[in-house]
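Participant: Okay, here's the structure, questions in a sec.
Each reported figure results from applying straightforward, stated rules to the coordinates on display, with no laboratory input. Just so we're clear, the structure is a prediction, and the values are computed from it rather than from any experiment. So basically every Cβ, Gly included, is an ideal-geometry build from the backbone, and we count neighbours across all protein chains shown.
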């Protein structure tokens, strides 16, 4: 079972391709483009799954507070981009989030819900800003609804996976391994 989980995780990491992160909303519709957008960028997929995995690892209130904070702050970042407020170093911060969140999982950092939420909020602002910057011809609010739903689903997937690992013998080690793989993938994206 462990091999199957590891193979599935490696396949997910390998299949995400940032080159396909931009869907034409005129062809796909704004809501659909927003729903699909986060799934076509390795940086987004890895960071969102890591948020959920880390929240599941921490447990307690963090299980819901950390992903909810990410989603809410991401919406703020999106709104800032839509109204024209710029942020510096958006893409490097997004790539740093993949590394940092992967490391949080890899070394099993246990913080209270408020501190963990504060960390993900910083990264979420930049992720949301990037989505707003990639809006193109999409209707802002339909596109936003789509990527917010998709992000929440990725968080839930990571959280459920993390909770399942926590219940299995050796699951904590596998979660840490996945965190390390995530951090390494983030470094590869940064260097690539």
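Participant: Between segment 136-163 and segment 52-112, what is the separation of their alpha carbon centroids in Å?
Facilitator: Using only Cα atoms to place each centre, the spacing works out to 13 Å.
Participant: Determine, for 182, 73, the number of other Cβ atoms within 10 Å of each Cβ, and report the residues in order from fewest to most. Don't jump to the answer; show the numbers that get you there.
Facilitator: Working: 182 29, 73 21.
Lowest to highest Cβ neighbour count: 73, 182.
Participant: Can you give the direction-averaged projected area of the convex hull of the alpha-carbon atoms in segment 105-192, in nm²? Provide the component values of the computation, followed by the final result.
Facilitator: On the way: hull surface 28.5 nm².
Mean projected area for segment 105-192: 7.1 nm², to one decimal.
Participant: Please report, in Å, the Rg and the Dmax of segment 29-191, where both are computed over Cα atoms only.
Facilitator: Over segment 29-191's Cα set, Rg and Dmax evaluate to 15.0, 49 Å.
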